[in-house]
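The values are calculated or read from the model by the stated rules, or taken from the named source; none is laboratory data. This is a predicted model, so every value here is computed, not measured. Cβ sites come from the backbone with ideal geometry, for glycine too, and all protein chains shown count toward neighbours.
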Amino acid sequence: MEQTIGFLERFPYLTALITFIIGLITMPFVLNFAKSRNMVVRPNKRTSHTGSVPNIGGLNIFASLILIFII
């Protein structure tokens, strides 16, 4: 019996590109959401940031990766 190869295994670079594009498109929405809900790190003496940095930027990348696995 022939085993079918999934999309992820057949086109790994295309999968990575699609994940990157999804993350790139959705990043402004995630950043606006984080700023509106005050999910940001404010600069203090322990950080090197000069402005507020959203905490949930990595969540966007993770969600993009999960979405491509679902598709």
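The table for this structure:
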quantity	calculated
Failed item in (1) more than 20 Å from the chain's Cα centre (by Cα); (2) loosely packed, with under 12 Cβ neighbours inside 10 Å, with Pro43 passing the rest	(2)
Whichever residue in region 22-43 is in a helix (DSSP H, G or I) and either of a type in the set (D, E, K, R) or touching a strand residue (DSSP E or B) at 6+ places or on another chain (Cβ under 6 Å) (or both) and, among such residues, is farthest from Ile68 (Cα to Cα)	Lys35
Selection within region 21-40 - aromatic (Phe, Trp, Tyr) and loosely packed, with under 14 Cβ neighbours inside 10 Å	Phe29
Tally, over region 21-33, of residues that are more than 11 Å from Gly57 (Cα to Cα) and touching a residue at least 12 places away in the same chain (Cβ under 8 Å)	1
One residue from Thr15, Thr19 being touching a Ser or Thr at 6+ places or on another chain (Cβ under 7 Å), under 19 Å from Ile68 (Cβ atoms) and modelled with pLDDT under 90	Thr19
Long-range neighbours under 7 Å by Cβ, at least six apart or interchain, first residue farther than 29 Å from Leu14 by Cα within region 43-71, second charged (D, E, K, R) and not in a helix (DSSP H, G or I)	Ser52/Arg42
Evaluation of Val53 against (1) loosely packed, with under 15 Cβ neighbours inside 10 Å; (2) at pLDDT 85 or above; (3) under 13 Å from the mean Cα position of the chain (by Cα) (one fails), failing number	(3)
